[in-house]
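Below is one structure, written out as structure tokens; the observations come after it.
The values are calculated or read from the model by the stated rules, or taken from the named source; none is laboratory data. Here the structure is a predicted model, which is why all the values come from computation and not from measurement. Backbone-built Cβ (ideal geometry, glycine too); neighbour counts: all protein chains shown.
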DNA sequence: ACAATAGTGTCTATGAGACAATATCTC
DNA sequence: GAGATATTGTCTCATAGACACTATTGT
């Protein structure tokens, strides 16, 4: 045991706390970045047809350097008097005027050069909001806040066997757009396995009009959405309290990026929903029952 | 647009970076805490029987205040010249002399009072190590490092319907022990849903002999292990390169906390493994083929 | 009447759980 | 030979995919 340790053990806990020097360690800035998603109704070209739905993310045009004029996730620094969760709620409210949403911490990004200003570690959160309540106002630090379509797609995948293990490389394209603006990024995800030891690593190859490492964050969030939509209740946070099963199915389709068969979908989600006695009419075709989420789902096990 | 913003936009990016004051925001300390798991062979009471396996976690006895004498996860602060991932690797090496392991970031814990010394935000990582390589040495800051059995179990679950939504409460007990020491904690997990808005919250009710909020971190890690064992390759990181299917099954059983039927298990994991032509003998019963992980698993989609 | 969605029924293929049966070793 | 695990086979049941069919609206 070192001399220092012996001395410290002789102190009472209070004495130790008094003496503790908070400046002994390097302290990076810590921020939160918000991935706010919604599913909107797009224009319908025919009065009979259902409107298509689209997955959208909120981005803010940066009014200041660095990345001035590019699009970024809403974000802000964590204060001394709030938890990270509280910071996420405050930042979301301040920058987008949104509160009362589903919130989930995703991942913490801490590469050295990710912010050119200083060492900033950023904790990303996913927020999901009901499509009918998405009237967003830009906060004071941002020139503009807009909803964007988001899509990711892998374009190439390669597995290489090495002496000690193997490497899996995957190239992914991220596309972000709306009527006026667009942004894209290309990323490479590398998974290396050598003698039991394993590592996964993302790299931004290109990033047009997207600030910081936010392309990585968006990709990560889309992945999480897809993974969780089947076995959690996240889809319901993207809809109003009452919804039709077709609407729910559209939300699943938009998140998973593929079409689903109605019969199978209905069977799969019966346990998650409760029928109400209300009906949606005036739709240009047969009306449909409205459902709501079943809180007792998942109450087994 | 504020006057400040107008002025900032007039600067070039370099001028802006030079002028940027890194001390403008509050900067908490950031640490990493490591959840190092392994699966060990326990004593067998009969030369014929297979040894039981057990899931274990590495804890370090705190040599200094706060929580002096209690057990804690290996951890350390993130330096200015390293990413969080690099800090995790460094801390693991320094405190437990382990390198070359599977590493995965779990969650970032940032409640105000979680460390009585100062505002510390901690990023937790899960590390998995082959059961045959678990000879661990304590680092210099720790009086002792030891493997502990870990188990969690929910003891009560309650759903309440409120005016605006519902609340699901779950009480969980965490038990940690080895031949000489033990620790326990009781936690409550509350999930609140009211008009679309949803929140999940953990609370430590009791924590005996376990430092900080590490009970929460352990619980979170166990949950993640259980969730991922079926659809990822994490189980293989807990075994040597060559293993029998019975050993692999035991790893699954220990993580999932329940017995599995051999026939169904073998069917389910055939795609993940490759048969070798080696055989394990001298086991007191019929010998078994040795398998290894199949790197081409998951290469579809 | 028509175009569209809403909702149900059914056949089939697949996979998991249960359990029986067989194989093969060490002591 | 006994006692254990290793490994395979098979029956059943639940579930997902595919697709056909019926129901019901607004225009």
### Query
Looking only at the stretch A:238-248, which residues are closer than 19 Å to residue B:163 by Cβ and either part of a helix (DSSP H, G or I) or out of contact with any helix residue (DSSP H, G or I) (no Cβ under 9 Å at 6 or more places or on another chain) (or both)?
A:241, A:242
### Residues that are surrounded by fewer than 17 Cβ atoms within 10 Å (Cβ to Cβ) and within 14 Å of chain B (Cβ to nearest Cβ), drawn from the stretch A:225-270
A:226, A:227, A:228, A:230, A:231, A:232, A:240, A:241, A:242, A:256, A:257, A:258
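Test residue A:207 against the criterion of being within 30 Å of residue B:130 (Cα to Cα), touching a helix residue (DSSP H, G or I) at 6+ places or on another chain (Cβ under 9 Å) and free of Cβ contacts under 8 Å to residues at least 60 places away in the same chain, and give yes or no.
On the way: within 30 Å of residue B:130 (Cα to Cα): no; touching a helix residue (DSSP H, G or I) at 6+ places or on another chain (Cβ under 9 Å): yes; free of Cβ contacts under 8 Å to residues at least 60 places away in the same chain: yes.
In short, no.
Sort out which residues of the stretch A:43-63 are in a loop (DSSP other than H, G, I, E, B) and either modelled with pLDDT of 90 or more or buried (at least 19 other Cβ atoms within 10 Å of the Cβ) (or both), and write them in order of number. Can you show your working first?
First, pick out the residues of the stretch A:43-63 that are in a loop (DSSP other than H, G, I, E, B): A:43-52, A:63.
Across the stretch A:43-63, the qualifying residue is only A:63.
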### Task
Give just the number: which of (1) within 14 Å of chain B (Cβ to nearest Cβ); (2) away from DNA strand C (no atom under 14 Å from the Cβ) does residue A:221 not satisfy?
(1)
### Task
Look at the stretch B:99-123 and say how many of its residues are in a strand (DSSP E or B), more than 9 Å from chain A (Cβ to nearest Cβ) and farther than 20 Å from residue A:29 by Cβ.
1
### Task
Of the numbered conditions (1) at the interface with chain B (Cβ under 9 Å from one of its Cβ atoms); (2) in a strand (DSSP E or B); (3) at pLDDT 80 or above, residue A:143 fails exactly one; give the number of that condition.
(3)
### Query
Which of the residues spanning the stretch B:274-284 are more than 8 Å from DNA strand D (Cβ to nearest atom), away from chain A (no Cβ under 14 Å) and either within 28 Å of the chain's Cα centre (by Cα) or surrounded by 12 or more Cβ atoms within 10 Å (Cβ to Cβ) (or both)?
B:275, B:276
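Residue by residue, here is whether (1) away from DNA strand C (no atom under 13 Å from the Cβ); (2) without any contact (Cβ under 8 Å) to a residue 40 or more places away in the chain; (3) under 24 Å from residue B:44 (Cβ atoms); (4) within 26 Å of the chain's Cα centre (by Cα) holds:
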residue	(1), (2), (3), (4)
B:193	yes, yes, no, no
B:286	no, yes, yes, no
B:289	no, no, yes, no
B:294	yes, yes, no, yes
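Only one residue in B:201, B:151 is modelled with pLDDT of 90 or more and either within 17 Å of the chain's Cα centre (by Cα) or farther than 29 Å from residue A:101 by Cβ (or both). Which one? Spell out how you get there, then give the answer.
Values: B:201 fails: either within 17 Å of the chain's Cα centre (by Cα) or farther than 29 Å from residue A:101 by Cβ (or both).
Result of the check over B:201, B:151: B:151.
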### Query
Is it the case that the stretch B:189-203 has a residue that's in contact with a strand residue (DSSP E or B) (Cβ under 6 Å, 6 or more places away or on another chain), more than 14 Å from every other protein chain (Cβ to nearest Cβ) and assigned to a strand (DSSP E or B)?
no
